Amino acid sequence: MEDNQTIEIDLKELFYALLDKIVIIILCTILFAGAAFVYTKVFIPKTYTASLSMFVKNYHKYDTEDNGQIELSDINASQELVNAYIEILTDESVIDLLAEHMDEKYGENYMENIFGINPVSGEINTPAVKECIKLSSKNETEVLSVTATTTDPELSANMCNSMADIAPDVLKRVVGAGSVERIGDAKVPTAPSAPSVSKNTALGGMGGLVLSCGIVILCKLLNNTAENVEKTAVRLNLAPLGEIPVYKGTKGKSAKDARLTLLDTTDFLTTEAYKSMLSNLIFTLGATRSKSFIITSAFSGEGKSITAANLAITLARNNTKVLLIDGDMRKPTQHKMFNIQNSKGLSTVLSGISTIEESIFKIENENFYLMPSGEIPPNPQALLSSKNMEDMLAKLNDEYDYIIFDMSPAGIVSDCMALAKLVPNVVLVAKYGKTRINALKKLIVSLNFVDINILGLAVNKVETEKKPYKNYYYSENYSS
């Protein structure tokens, strides 16, 4: 069966998926923020930025003949000179001159530790020095801004001051006109300019938040397991019979024993879920003119046995005579749930060791009967497809309104296929968030091959708190 269904993205489900993992998301956010904080404090070296400003003058216009008046053309010419001065002062030869000044002041070893050595010339690495000093026009005016950033605050200030000392002579030699005037000296910075611990911590936390949310959403979109019964049934082209919530104890905690049957103390949501599922199942069975069906799953541990037991109880409470047969003769469980002996049952009846009457037990205060699996035989498939099985069903069909078979997982063994000719109806049970869609698709192909009528799908152990909807009309403390 080809899967040509379009998977719809439900924003509400994505929101609740994020809400379900909110603790993990918060922890990831805190973890990334903490990692960014530690990395910034420990591994990223602190840098200090010093700066000063120089005023660019169109020199020949600044004289006493103009009585100190500055014309607009002078200002424009000064602004145009700024860009030319920046190119000149950042030339490699000027940077070499600056490096020599710093070398004379701090010594060769110190400068090597800060900037490194050019492997070819063996001198101070000029590109590293150039990277540390920046020249720019301040707010697009004729003011030239000089900034230096290094790991030493005093070095940063001295680099700015040395550049201001060098600039007039270099410009006079190269340009021949105009000049620069230092406005003030660069001061030694008292606090690091980088890194920003608060900024990096916030960015780290934001990265953790985005990454964790992205992973949760991606896992949700790529989820290949059974979800709510409607969506899963659509993907499998099956009828949605119902979904059963996780059973909760009296104090709201998940029951430790998974083999719990519907009792008077069972919570309202679980009881109503089985009633709703049974209504859908009876409606579907009506079209088949049959009152017997198999309940199976792809693999073990997906809740088929508890579903079969609880459906039998729910049917019996509707004043119908129900027989539950434990057809799982490999790993039987029904006798454990109802606390009866398993020495006689289906295997012993089919083997001729015991009679039908001896192998059926009436459950106290209920209108349904149980035939356990009996002793585990060496050949379950041969017994299920035998003439004795056909004769037994012919007799039981006249005696009971409904016959339910709890069979071995059809995705593991083919016992269901052996029984298909006699009981051609099957209900598939999947476990919420565990059973894989691909496994169910393979199982459906196998069942269709032997012409078994799949009545529909039930999703078991659904976490109601994680669903994007709840029916608040009902109270969980209400008892029917």
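Each value in this text was obtained by applying a stated rule to the coordinates, not by laboratory testing. Remember, predicted model here, so these are calculated numbers, not experimental data. Here the Cβ positions follow ideal geometry from the backbone for every residue, glycine too, while neighbour counts run over all protein chains shown.
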Helix by helix, which DSSP H runs in the chain go 24 Å or more along their axis at the Cα atoms and have an average Kyte-Doolittle hydropathy of -0.5 or more?
22-42, 72-89, 153-174, 197-221, 268-286
Out of residues 5 or more away from Ser136 or on other chains, whose amide H comes under 5 Å of its own, with H placed 1.01 Å from N in the peptide plane?
Ser145
Entry for mean projected area of the Cα convex hull in nm² (calculated from the structure that is shown) out of (1) 39.5; (2) 21.0; (3) 23.4
(1)
Cα-Cα over 25 Å, subset of Lys291/Lys434; Lys344/Lys431; Lys12/Lys461; Lys41/Lys138; Lys331/Lys362; Lys421/Lys461
Lys291/Lys434; Lys344/Lys431; Lys41/Lys138; Lys421/Lys461
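Within the set of other residues whose C-beta is less than 13 Å from the C-beta of Val197, count the net charge using Lys and Arg as +1 and Asp and Glu as -1.
Numbers: positive: Lys41, Lys46, Lys199; negative: none.
Once positives and negatives cancel, what remains is +3.
Do me a favour and compute the ellipsoid semi-axes for region 227-466 from its Cα gyration tensor, root of five times each eigenvalue, largest one first, whole Å. Don't skip to the end; give the middle numbers.
Numbers: eigenvalues 134, 90, 54 Å².
For region 227-466, the semi-axes come out at 26, 21, 16 Å.
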Can you sort Met371, Met392 so the residue with the fewest Cβ neighbours within 10 Å comes first?
Met392, Met371
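If you take the square roots of the eigenvalues of the alpha-carbon gyration tensor of region 326-427 and sort them as a ≥ b ≥ c, do you get rounded (a/c under 1.5), prolate (a/b over b/c) or oblate?
Working: a/c = 1.33, a/b = 1.23, b/c = 1.08.
Cα axes put region 326-427 in the rounded bin.
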In which sequence would Val94, Val188, Val445 go, from the one with the fewest C-beta neighbours within 10 Å to the one with the most?
Val445, Val188, Val94
Classify region 92-166 from the C-alpha gyration tensor, please: rounded if a/c falls under 1.5, else prolate or oblate depending on whether a/b exceeds b/c.
prolate
